[in-house]
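Some notes on the structure that comes next.
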Amino acid sequence: MPADRLFLVRHGQTASNVAQTLGASHDDPLDAVGEAQARAVAAHLAGLPWDAPAAVYASPFRRARQTAQAIADALGVGVTVLPGLQEIEVGPHWRGRPYAHLVTHAHELELPGGAFGFAGGETLSGVADRFLTALQGPLSRPDTPIVVSHGGALTAALARLLGLDLRALWPDRRYAHANAALTELRRMGPDWQVIRLADRRHLPSPTK
């Protein structure tokens, strides 16, 4: 029986998040605040009722693996690293630019041929494709997946899971995950429905 409940979690805070710059290194670690956020989301998840055992999956990037490990430790399970859950590759044109340019320079995301994404990097549709491909295995099993990933990748994946238009969803701040924010989805027939969206009430203080 396939999973009918899915949790999506953004990793805790890093120095690049504080600096608000795109294209952080794969090895960018959690800072002290991020470590506290990881413990907070872990404690929250450990306190939830579970109809099926939880299974924790992480992006290969260090910050996601660290956050996932805190969750796994709190639940008494292991972590499975899944290539495909990593953050968007923004390419050299966008790397190092401020997050604000995603709004003020959003027209640059419109690429030749009708694609939407980052010149020299990935398209958002491509990110959704590889993210959902990575989740095929976890979603085919009865365990409840807890997936730790990244802000941009989570937005792309959510658009695909919910059947929403990515261009319309991308600037909608309701779908933007702050550090250690949590989304819970339930499968209703063939579709996924939102139970909680980018929730951060479990965190000790607001995040960037």
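Miscellaneous remarks
- At the listed q of 0.15, 0.20, 0.33 Å⁻¹, the Debye profile of the range 65-106, built from one uniform point per Cα, gives log10 I(q)/I(0) equal to -0.60, -0.73, -1.13.
- Rg over Rh, two decimals, the chain (C-alpha only, Kirkwood Rh): 0.94
- In degrees, nearest ten, helix 32-46 long axis to first principal axis of the chain (Cα): 40 degrees
- Rg in Å to one decimal, and Dmax rounded to a whole Å, for the range 90-208 via C-alpha atoms: 15.1, 45
- Relative to the Cα centre, the charge distribution of the chain, modelled as +1 at Lys and Arg Cβ and -1 at Asp and Glu Cβ, gives a dipole magnitude of about 300 debye.
- At R0 = 25 Å, FRET efficiency that the Cβ-Cβ distance of Ala43 and Asp143 yields, to 0.05: 0.75
- Annotation: per residue accessible area for the range 32-72 equals 39 Å², rounded to a whole number [probe 1.4 Å, protein chains only].
- The modelled label-to-label distance for the pair Asp172/Asp129, using points 7 Å beyond Cα in the direction of Cβ, is 2.4 nm.
- Crossing angle, helix 62-75 versus the chain [Cα axis fit, 0-90 degrees, rounded to tens]: 20 degrees
- Near Thr21, the amide H atoms lying under 5 Å from its own belong to Tyr99; only residues 5 or more places off or on other chains count, and H is placed 1.01 Å from N.
- Nearest-0.05 FRET efficiency for Thr104 and Met1, computed from C-beta distance (R0 35 Å): 0.15
- Accessible area of the chain belonging to carbon and sulfur atoms, whole % at 1.4 Å probe: 55 percent
- Per-residue ellipticity at 222 nm, computed for the chain from helices alone with -39500 (n - 2.57) per DSSP H run of at least four residues, works out to -10500 deg cm²/dmol.
- The range 157-208 versus the range 93-152: alpha-carbon centroid distance in Å: 14 Å
- For a paramagnetic label modelled on Ala119 (point 7 Å from Cα along Cα→Cβ), amide N atoms under 19 Å away belong, within the range 5-38, to 22-23.
- Coarse-grained scattering of the range 94-150 at q = 0.14, 0.15, 0.20, 0.25 Å⁻¹, given as base-10 log I(q)/I(0) from a Debye sum over alpha-carbon atoms: -0.55, -0.60, -0.83, -1.02
The values are calculated or read from the model by the stated rules, or taken from the named source; none is laboratory data. Here the structure is a predicted model, which is why all the values come from computation and not from measurement. All Cβ positions, even for glycine, are placed from backbone atoms using ideal geometry, and neighbour counts span all protein chains on display. SASA here: full protein model, heavy atoms, side chains in, ligands and nucleic acids out. Shrake-Rupley method; radii C 1.70, N 1.55, O 1.52, S 1.80 Å.
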